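Here is the structure we will look at, set down as structure tokens.
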């Protein structure tokens, strides 16, 4: 693909566009003074090829131009690529026409969007021969896959004013986010070191590695679940052992033993302990104890009564003995017994109340003696009754002791019953937990894990096989080999231009890793950023891109057949210059050498490479230079010439 013409259409719809035409397969020079729009040519071409975020200046281009159009040639066919000025949604709009050699730039009234940027890129990519495939990043890379298209190929075709003099970056837009990695990813394809086959294998490898990671995760999850299941199962086994459901549990049972023991614990029959006759027995003993206590109380009352009688009897007996003794003293009297008891024996006075007679006293003594004998006969009977009461009381006390012992035994039995009931409840609960756990899958996962391990092994084998095929491709080594072919041309041309360090170099090459020029010397590698002067930076950029495009087109790679360079001679003129042709003390020999190399490379490629240069320089003494000029934007008869016509801004 090469450029035939670039057209700018005024926003007011005037029919005549501003057209810049190019010669295919040759050196095209667009020269002129500063601030005439030379640098914008590259941006406009880039925009017409589908760039989404152009950097076109506001004045005067964006304020006057309504449409941009690019006429390109693919051998015996042509395409018109037109896009409205970038504003809002129109940034994605496009107009596409295809045709033969007769296809040319249309009038303004025929410009209308009939497509979009995605379709434009797709058609350009297909016509270039870019194969339809997705680039697959290496396994583990954070970036996503993308479709290889003209968007990446165009990065090899432009060098704007700042890029061509950049000592740290070699390619167009390389310093923008993600572009450097895109270049590293796609340059091997454009060199022919990799293609859809490798991308497909890499895609399959990525898929296989995802399956491998998924299989590993499933196995890890299953093992974690099994470990958790085993831990829960062992805990249930210990609990079952503590509650008497199992006699012995190994210290470290395996998964199969865990399930077998849990199932064994479920076979133990737990009989519920219900109510018994203990309640009736307890009530009978309580009633008996109440009766015994009442009987004991009665016996104690009777004994107390007997004791009182005993004490009263003893008092009565004592009194009777005392009275009897007193009465028996009458026996000490002799003849005095017959004394008149109505007269005092001492004073012989008559008593108001006569004393008892001896006979009466004797009769009273006999009566007292008789009563005393009667009382003494009752005492043994009382003692016998008292002993009987005491024996009865002892029997009642003994029965109370037995009753208390029986009640305590019943209480202990009741406590044991409650303990047994609690144990049976706990056993039943443990069995319920075991049954629930087994029903929920708390069981050995040996079979499942064995299957997951088998799946993981198959995934590992698949990844290893695909990785081996990709290793056989060795894209990196093949890319380096092809860059070595590019390096032969670079080295020769760098020495031809007498660039710094070139005369000492074993090889001047492009580093895919650094995306920059590297000079290999006996002392070691020297990157471009360690080689001084803008002259060398620009020179090495030129030889790198010229050599790269020469290699690409010699090998029929799907890259546009043009290279656009902006200000390749800027290092030889002041920073701000109106017209380089007026600078007398410039290094014109070096400037001439640069342009001669451009012409030689264009001729060397025999029509497959179109070189477009926008520059201040104008070698008026060189006929070949003048023949290569397609536009000269210097005043003629006082009329300023530029990309935007004077009458557009008036």
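Once both labels are positioned 7 Å from their Cα atoms along Cα-to-Cβ, the gap between residue 144 and residue 394 label points is 11.0 nm. Taking the number of Cβ atoms within 10 Å of each Cβ as an exposure proxy, the fewest-first ranking of 38, 596 is 596, 38. Spin-label model, residue 424 to residue 410: label points 7 Å out along the Cα-to-beta-carbon direction sit 2.1 nm apart. So what's the gap between the Cα centers of segment 582-635 and segment 486-553, to the nearest angstrom? Cα centroid to Cα centroid, the span is 21 Å.
Computed from the coordinates by the stated procedures, all read-outs in this text should not be read as laboratory data. Since the structure is predicted, the reported quantities are computational estimates derived from the model, not experimental observations. In this analysis, Cβ positions are derived from the backbone assuming ideal geometry, glycine residues included, and neighbour counts consider all displayed protein chains.
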